[in-house]
Each structure stands twice: as C-alpha cells, then as structure tokens.
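Pasting a structure below so you can have a look.
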Amino acid sequence: MAGNRDYSLDALKMILIILVIYAHIPLLNGLIPIGANVECDALTWHSVKGIYAFHMPLFVFLSGYLTKRKLLAVQFGKSQKLIKLFVVFHIVDLVLKWIVAGVRHSLHGIVCPSFALWYLLCLFYWRILISALPENINKKYAVSYSVLLSLLVGFIPIQGEFGFQRFFSFMPYFFLGHYYGRSVLKTVDNKVVLPPPPYIFVIGSYCDSLVCGNTNLVI
C-alpha cells in the first residue's frame, strides 16, 4: 500500500494544517473578537477570513475522498477510535479549563466541543452515514440532498451541541469528496481548465454562512 500512497495529498494536508495553525493564532486571547469590531491590522484580518473560507471545506472534502465505504457494522467498529479520541481530549480540555481558568462548565458547555474536537465527532457521523446509505445510491441525488439539507438546517437554531451544526454545514463537502473526489483531483492533476476548486469552496462556504446569518467566519 505504501507504493500507492499519493504524497501530493500528504503535502496538501500539511499545507492546510499550517494554514489552520496560522488562522487560529490571531484568534487566541481575543485578538480578533469573532463577530465584533476588528482590532488588528486589516491584512491579518482579511488573510484569516480568506483561509477560513476554504481550509476546513477542503479538509472535509479530502476526508470524504479518503473514506472507504464499508459494511455499517465494520465501519462503526473501525470508527469507534474517533469517539474514544474525542472523549479523552474533551475531558482533558474541560479539566484544564476548570483548573487553569476556573471555568465552571454548564451542561451546554460540556456538550459543545472546543476548537477542532468537533471534527472527530463529525468524521464519525459522516463515515457512519456513508455506510448507512444504499451502495447503489445516485451520487448526484446524494450530493444535491446534502446541499439542500445543509441550507435548510441553517434556519434551525442548532449551535455547537455535539458538533451537529458543522456536521450538516460541511456534509456537502464530504459527499463531494467521497463521490466525486477522484474525478475532481484527476481533473486538477491534469490541469484541465475548469472552475478552480478553491473558488467552489469559497462560494459554497460563503453561501452556507450567509444562510446561517454569519458572514464573518465560516467555522
């Protein structure tokens, strides 16, 4: 399997990880208050907004592409490690906030994952969903319904509880990656002139955040 590994995807994931780190640094300690007036230089603010417009959608797209459909029971068993990792790091996060910052957690705070922990939950949900859907499902319908559901959920007051908001918001990107990832990446690799994928992610993310009423940051 090592000989079939696509190192270009590893390089892309490395770049995205660096962008994630860079985009989160200004958010620490309230340097950029989300949804409030910006109190940093314009270049930093716009670069962060630009990164947030595509880095997580592209991450989810790659996760969908790399997810293999398995029998539901098999997928559930192999994906349980995601839940175990989430539980461990979520408990560590809650304990550290309590010890270091003296945070007294409410029930809402306990069920809302912090930082990137939501990704572990959503990845588990998406993998189970892919295996639960019929194997012969029409790909176009699957992606179309995921987009429709993502937009409709934007009208429901779902927040960060158990990562459900992001589960629905990013679902279309996961489906796109799972069902069309190979053809999209092949097209990009062959340098065929088509609308650049980053622009698709930016436009899609902006529309989704517009429906949710938050155009400042998509994440």
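Could you please find all residues in segment 123-147 being touching a residue at least 60 places away in the same chain (Cβ under 8 Å) and either open to solvent by less than 30 Å² (accessible area, probe 1.4 Å) or of a type in the set (A, V, I, L, M, F, W, C) (or both)?
Keep residues of segment 123-147 that are touching a residue at least 60 places away in the same chain (Cβ under 8 Å), which gives 123, 126-127, 130-132, 135.
Within segment 123-147, Leu123, Trp126, Ile130, Ser131, Ala132 meet the criteria.
Follow-up question, since we're still on this one. For segment 21-45, what are the residues that are closer than 22 Å to Phe170 by Cα and either surrounded by fewer than 15 Cβ atoms within 10 Å (Cβ to Cβ) or modelled with pLDDT of 80 or more (or both)?
Ile21, Tyr22, Ile34, Gly35, listed by residue number.
Only one of (1) more than 18 Å from Gln165 (Cα to Cα); (2) open to solvent by less than 30 Å² (accessible area, probe 1.4 Å) fails for Trp118. Which number is that?
(1)
If you go through segment 148-160 one residue at a time, do you hit one that is part of a helix (DSSP H, G or I) and buried (at least 20 other Cβ atoms within 10 Å of the Cβ)? So that I can check it myself, show each step before the final result.
Just the residues of segment 148-160 that are part of a helix (DSSP H, G or I), to begin with: 148-153.
Narrowing further to those that are buried (at least 20 other Cβ atoms within 10 Å of the Cβ): 150.
Yes: segment 148-160 contains one or more residues that are part of a helix (DSSP H, G or I) and buried (at least 20 other Cβ atoms within 10 Å of the Cβ).
For Ala42, state whether it is within 18 Å of Tyr125 (Cα to Cα), over 20 Å from the mean Cα position of the chain (by Cα) and aliphatic (A, V, I, L, M).
no
The values are calculated or read from the model by the stated rules, or taken from the named source; none is laboratory data. Note that this is a predicted model, so its numbers are computed, not measured. Neighbour counts run over all protein chains shown; Cβ positions are idealised from the backbone, glycine included. Just the protein is used for accessible areas: all its heavy atoms, side chains included, with ligands, DNA and RNA removed. Shrake-Rupley method; radii C 1.70, N 1.55, O 1.52, S 1.80 Å.
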